[in-house]
Amino acid sequence: MVIGVFLAIGQWDFKRLLAYHSISQIGYVILGIGLGTPLGIIGGLFHLFNHSVFKALLFLNSGAVEYAFFGKLRDKWNKVEEVPVFMKFAMIILA
């Protein structure tokens, strides 16, 4: 679980960052189901469902952001003046 987060920290490709984060979250799902208690199994399955829904939406959003920037985020990161105003607010809120 921790290794996936550490691998995600150094990523500039947003989709790869999301993939490494998914690796760490699946560890929590396995931990919950592996407990074997009814509450652990329900919690693990709920986390699996919740994670799959919001991660799919984040992948779609990352594709839309890369399409808007005409390429990878790392190439455009230093050009802050090209970033739309709503994206600046989104970056501040998500930080």
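Computed from the coordinates by the stated procedures, all read-outs in this text should not be read as laboratory data. All figures in this text were calculated on a predicted structure; none of them were measured in a lab. Positions of Cβ are backbone-derived with ideal geometry, glycine not excepted, and every protein chain shown enters the neighbour counts.
Observations on the model:
- Given R0 = 22 Å, the distance between the Cβ atoms of Val2 and Ile30 translates into a calculated FRET efficiency of 0.95.
- Fewest-first ordering of Phe59, Phe46 by other beta carbons within 10 Å of each residue's beta carbon gives Phe46, Phe59.
- Each of Leu58, Leu45 has some number of other Cβ atoms within 10 Å of its Cβ, and from fewest to most they run Leu45, Leu58.
- Taking the number of Cβ atoms within 10 Å of each Cβ as an exposure proxy, the fewest-first ranking of Tyr20, Tyr67, Tyr28 is Tyr67, Tyr28, Tyr20.
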